[in-house]
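The values are calculated or read from the model by the stated rules, or taken from the named source; none is laboratory data. Model, not experiment: these values are computed from the prediction. Counting neighbours? That spans all protein chains shown, and the Cβs are built from the backbone with ideal geometry, glycine included.
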Amino acid sequence: VEREHLVKLSKRMSKALRHDPDRVGLVLDPAGWTPVDALLAALRIERADLDAVVAGNDKQRFAVEPGTDGVLRIRANQGHSVPVDLGLPPATPPERLYHGTSASALESIRTTGLHRGGRHHVHLSADTETAHRVGARRAGRVVILTIDAAAMAADGHVFHRSTNGVWLTDAVPASYLLD
Ligand code: HQG
């Protein structure tokens, strides 16, 4: 029950920090940060619960640190649909990256490549286990696509790696999907 509570809370925090800060009256700075106290007030939650979510999160979805003014602040590490600039530097990806999705999306992806949808970037995983977990969020059979990240990088596609290890890029043209 405690775990379920924390997962629910993590989802509410993700929604507020990635997609819909307005709805709870929250203002994010250009890099996606907001004071921890503002989030506590907006979601009407206790500091101990927030700390438990941040520390216990399976995916390290949130970063908490003091700003230049010393005020403790929080942001989501990735997954935003509101415009924020996380300031992630370009990074050289591993040779191969993976994307887990539903079999029902396969034909469309093979034709038009991977699109970022509502988010800022296409999200890619460094290993197949993680890709499988991502794909399993969708209905239907999970498929794991292998991406020739080395070729993409060589051709000038820019990659970033989020603080919690998700690989991000603008789009994956179908020609870089292997097998
Ligand atoms: C699919 C979670 C048809 C794509 C995860 C995916 C991740 C296409 C869906 C993060 C397509 C978008 C992101 C095309 C892409 N035709 N379908 N051409 N191109 N798609 O949720 O990667 O738990 O925006 O395959 O762990 O599933 O929230 O992206 O199924 O890291 O922290 O369109 O969200 O993180 O779905 O997941 P999403 P995603 P959190």
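Taking the stretch 28-46 as the range and being farther than 14 Å from residue 80 by Cα and either surrounded by fewer than 16 Cβ atoms within 10 Å (Cβ to Cβ) or outside the structural domain of residue 65 (by TED's automatic domain parsing) (or both) as the test, the residues that pass are 37, 40, 41, 44, 45, 46. Within the set 88, 97, the sole residue that is more than 10 Å from the ligand (Cβ to nearest atom) and within 27 Å of residue 27 (Cα to Cα) turns out to be 88.
A quick yes/no check of all residues on (1) closer than 17 Å to residue 160 by Cβ; (2) within 11 Å of the ligand (Cβ to nearest atom):
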{"residue": "18", "(1), (2)": "yes, yes"}
{"residue": "29", "(1), (2)": "no, no"}
{"residue": "41", "(1), (2)": "no, no"}
{"residue": "84", "(1), (2)": "yes, no"}
{"residue": "102", "(1), (2)": "no, yes"}
{"residue": "107", "(1), (2)": "no, yes"}
{"residue": "120", "(1), (2)": "yes, yes"}
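Taking the stretch 137-171 as the search range and keeping residues that are under 21 Å from residue 81 (Cα atoms) and of a type in the set (A, V, I, L, M), which one is farthest from the ligand (Cβ to nearest atom)? Checked the stretch 137-171; the qualifying residue farthest from the ligand (Cβ to nearest atom) is 158.
Of all residues in the stretch 102-113, those satisfying the criterion of being touching a strand residue (DSSP E or B) at 6+ places or on another chain (Cβ under 6 Å) and closer than 19 Å to residue 136 by Cβ are 103, 106.
Checking residue 122 against (1) farther than 27 Å from residue 34 by Cβ; (2) of a type in the set (Val, Ile, Thr); (3) in contact with a Leu (Cβ under 9 Å, 6 or more places away or on another chain): exactly one of these is not met. Which one? Result: residue 122 fails condition (1) only. With respect to the conditions (1) modelled with pLDDT under 95; (2) part of a helix (DSSP H, G or I), residue 104 falls short on a single one, namely (1).
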